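Engineer: Structure in C-alpha cells, see below.
Derivation of every value follows stated rules applied to the coordinates shown; laboratory data play no part. What you see is a predicted model; the values in this text were computed from it and never measured. So basically every Cβ, Gly included, is an ideal-geometry build from the backbone, and we count neighbours across all protein chains shown.
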Amino acid sequence: MPNGNNVHLWNARLDRLPVEVAELETLLSEDELQRANRFHFRIHRSRFIAGRGILRLTLARYLRQNPRELAFIYSEFGKPSLLNSSGCRLEFNAAHCEDRLIVAVALRPVGIDLEILRAIPELESMAEQVFSAEELTAWGQRAASDKLCLFLKLWTRKEALLKGIGFGIARHVKEVSTFFETGDVLRIPKALTQDTWSVHTEVGSSFIQSVATPGQTPEVTALAADTWV
C-alpha cells in the first residue's frame, strides 16, 4: 500500500495474446463490455479490454477483493472512482498511449498522463490552442530543437493535473499553467481547486509521463503489472 506521499505506478502492455484478452474480458462488467463492443477496430477493442481488466486486477490486489466485483462510478468529466472500496481511501487514475498503460494508485487524489514521443504536425499552432499566456511566453524563449519534447512534457503535466482535480482537459486546458519542469510554481484558478498541487514528470527514451497530487511533489514507485497479469 502506498504511504501518504507515495504513488505506485503500475506499467503494463495492452497488446496481449488472444487467450489473455479472453481471460481479462471475463473480469469486465456489462457496461464495460458494451463500451468494448463499440470499437470498430479489433486492436482498439482488445486494448480497451486489456486496460480495464488490468485496472481491475491492480485495484483488487490492494483491496483484496474479487476483481469482477469492483464497481466504478464516474464524475461529470468521466473520472472514475471506486464504489465499493471496503472503507479503504484508495485513489487511482489510469492513462494509456498506443500499447502502453499506466495505473497510478495513491492514498490521495491523483492524476496521470502518458505520451509516446512522436512527431506532432503544426506544433506552434497546437501550442497556441492549449498553452496559457504565461506558458506561451516561456515557450517562445526555448530553442526550436527542444520544443517537441517540451510540448509533450507540458501537455502531460496539464492533463495529469486536470485529471487529478477531476476536470476535463478540453474545457480548462488554457486556464492552468504547469510550465515545463517539476519544481515550477503551478498557476491554478481558485475556482478549480483550493488545494496546492504538485506534478512529477519523467522523460524516458520513448515516452513522457506526469503524475499530479495535492501537496508536495509525489514520490513515485514504478512497478510492473506484466509480471502478474
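Engineer: Tell me, what is the FRET efficiency for Lys147 and Asn3 to the nearest 0.05, using R0 = 35 angstrom and their Cβ-Cβ distance as r? Kindly include the intermediate steps, with their values, before the conclusion.
Structural biologist: On the way: r = 37 Å, r/R0 = 1.06.
Taking R0 as 35 Å, the efficiency between Lys147 and Asn3 is 0.40.
Engineer: Most fluctuating residue of Phe72, Phe180, Phe131 in a GNM of the chain with Cα springs under 10 Å: which is it?
Structural biologist: Phe72
Engineer: Let me know the Kirkwood hydrodynamic radius for the stretch 114-224, please, with Cα pairs as the basis and the value in Å to one decimal. Don't skip to the answer; put the middle values down first.
Structural biologist: Details: mean 1/r = 0.0700 Å⁻¹.
One decimal place: 14.3 Å for the Kirkwood radius.
Engineer: Roughly what would the spin-label model give for Asp226 and Ser205, points 7 Å off Cα along C-beta, in nm?
Structural biologist: Label-label distance for Asp226 and Ser205, simple model: 1.2 nm.
Engineer: Here's something else I'd like to know. I need the GluC sites (Glu not before Pro) found in the stretch 78-150, filtered to DSSP loop residues with at most 12 other beta carbons within 10 Å of theirs.
Structural biologist: Numbers: sites: Glu91, Glu98, Glu115, Glu122, Glu124, Glu128, Glu134, Glu135; in loops: Glu98, Glu122.
Filter output for the stretch 78-150: Glu122.
Engineer: If I build a Gaussian network model for the chain, linking alpha-carbon pairs within less than 10 angstrom, which residue out of Ala127, Ala160, Ala95 has the largest mean-square fluctuation?
Structural biologist: Checking each option, the largest mean-square fluctuation is seen for Ala127.
Engineer: Can you give me the C-alpha center-to-center distance between the stretch 145-208 and the stretch 82-122, rounded to a whole angstrom?
Structural biologist: Answer, in whole Å: 14.
Engineer: Let me ask something else about it. Work out, step by step, the length gained on full extension between Thr182 and Ser75: first 0.36 nm times the residue separation, then minus their alpha carbon distance; give nm to one decimal.
Structural biologist: On the way: separation 107, 0.36 × 107 = 38.52 nm, distance 2.77 nm.
Here the answer is 35.8 nm.
Engineer: Another question, if that's okay. What distance in nm separates the two pseudo spin-label positions at Glu122 and Leu33, each 7 Å out from Cα along the beta-carbon direction?
Structural biologist: 4.1 nm
Engineer: Which aspartates and glutamates have a Cα lying under 12 Å from the Cα of Lys190, excluding residues fewer than 8 positions away in the same chain?
Structural biologist: Glu175
Engineer: Across the chain, where is the longest run that never hits trypsin sites (Lys or Arg not before Pro) in a DSSP loop with at most 10 other C-beta atoms within 10 Å? Numbers along the way, then the final one.
Structural biologist: Details: sites that count: Arg38, Arg64, Arg89, Lys190.
It runs 90-189.
Engineer: Let me ask something else. Given 0.36 nm per residue, what is the gain on full extension from Arg68 to Leu192 after removing their alpha carbon distance, in nm?
Structural biologist: Values: separation 124, 0.36 × 124 = 44.64 nm, distance 3.41 nm.
Contour length minus Cα-Cα distance gives 41.2 nm.
Engineer: For the chain, set up a Gaussian network in which alpha carbons nearer than 10 Å are linked by springs, and say which option among Pro214, Pro121, Pro189 fluctuates the most.
Structural biologist: Pro121
Engineer: In terms of modelled amide H atoms, which long-range or inter-chain residues lie less than 5 Å from the amide H of Val7?
Structural biologist: Glu219, Val220, Thr221
Engineer: Modelled label-to-label distance, Glu175 and Glu219, 7 Å Cα→beta-carbon offset: nm?
Structural biologist: In this crude label model, Glu175 to Glu219 measures out at 3.4 nm.
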